[in-house]
1. Every residue in segment 35-54 that is surrounded by fewer than 20 Cβ atoms within 10 Å (Cβ to Cβ) and outside any loop (DSSP other than H, G, I, E, B), please.
2. For Arg29, only one of the following conditions fails: (1) of a type outside the set (Val, Ile, Thr); (2) over 20 Å from Lys123 (Cα atoms); (3) surrounded by 14 or more Cβ atoms within 10 Å (Cβ to Cβ). What is its number?
3. Is segment 177-193 home to any residue that is assigned to a helix (DSSP H, G or I), surrounded by 15 or more Cβ atoms within 10 Å (Cβ to Cβ), touching a residue at least 24 places away in the same chain (Cβ under 8 Å) and of a type in the set (Val, Ile, Thr)?
4. Condition test on Ser139, is it small (Gly, Ala, Ser) and either closer than 29 Å to Phe101 by Cα or modelled with pLDDT of 95 or more (or both)?
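The values are calculated or read from the model by the stated rules, or taken from the named source; none is laboratory data. Owing to the predicted nature of the structure, the values given are computational and were not obtained by experimental measurement. With ideal geometry, Cβ positions are generated from the backbone for all residues, glycine too; neighbour counts draw on all protein chains shown.
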Amino acid sequence: MTDQQKDTEQMILNAARKVFIEKGLDGARMQEIADEAGINKALLHYYFRSKDKLFGMIFQEELGKFFPKIISVMSSSEYSLEDKIRAFVNDYISIFIKNPFLPSFILRELQRDPENLRQFIVKSGFDVSSVKFVITNLSNQLNMTFDEARHFMINMVSLCIFPFAGRPLIEKILFSEDKSEYNQFLEERKVIVAEYIIRTLKTGK
């Protein structure tokens, strides 16, 4: 691929990300993405044959920034447990704030084709074999069994992702559909969730 082709591909990805943020995966149209990128639809299809393939590339690109970094932090003996929790929560929530269309895609694929989702995650740089090592490392720091540490990881992920997965209902009921206020709420959770987990671990409550 030439430098010009790489630039065009990245321009398309940037345009698609903007349209996905505004319309969501289901609401976005290839013509809208082409218009946003300033190209014709035929050229868009030359680079990406379908909306799903385009979305898959963005998915892999974004998770590719997250997984290698967070696995390295969570596996390291140089970080305290508190710093690991803060880094995980901050980065996990940040990626969904930047890409609010990702949670709906993940939930859809979990129901439609979980193997396809697994392949996307693997291609993004996630080493499945590292999970056991990360949980074992955590179990030692937490003084928990492996099963207890696995529950801990799932609980931490759940606290991060639920406000995004449940956003349509939560925003309507608790925030009167004020998107700005809800976005501020999500930013605040980067600190609140991490400190809640740390405090719970210290008090045992």
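1. Asp35, Glu36, Lys41, Ala42, Leu43, His45, Tyr46, Tyr47, Lys51, Asp52, Lys53 - these are the residues of segment 35-54 that are surrounded by fewer than 20 Cβ atoms within 10 Å (Cβ to Cβ) and outside any loop (DSSP other than H, G, I, E, B).
2. Of (1) of a type outside the set (Val, Ile, Thr); (2) over 20 Å from Lys123 (Cα atoms); (3) surrounded by 14 or more Cβ atoms within 10 Å (Cβ to Cβ), only one is false for Arg29: (3).
3. yes
4. So Ser139 does not fit the description; no.
Here is a yes/no grid of residues against (1) assigned by TED's automatic domain parsing to the domain that holds Lys123; (2) more than 28 Å from Arg118 (Cβ to Cβ); (3) in a helix (DSSP H, G or I); (4) basic (Lys, Arg):
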residue	(1), (2), (3), (4)
Met1	no, no, no, no
Thr8	no, yes, yes, no
Met11	no, yes, yes, no
Ile21	no, no, yes, no
Asp26	no, no, yes, no
Ile33	no, no, yes, no
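Conditions tested, residue by residue: (1) surrounded by 16 or more Cβ atoms within 10 Å (Cβ to Cβ); (2) within 11 Å of the chain's Cα centre (by Cα).
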| position | (1), (2) |
| --- | --- |
| Gly64 | no, yes |
| Phe67 | yes, yes |
| Ile70 | yes, no |
| Glu82 | no, no |
| Ile85 | yes, no |
| Asp91 | yes, yes |
| Phe96 | yes, yes |
| Leu102 | yes, yes |
| Arg118 | no, no |
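Conditions (1) within 21 Å of Ala165 (Cα to Cα); (2) of a type in the set (Ser, Thr, Tyr); (3) touching a residue at least 12 places away in the same chain (Cβ under 8 Å), marked per residue:
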site	(1), (2), (3)
Lys41	no, no, no
His45	no, no, yes
Ile58	yes, no, yes
Ile71	no, no, yes
Ser76	no, yes, no
Asn90	yes, no, yes
Asn99	yes, no, yes
Leu107	yes, no, yes
Asn116	yes, no, no
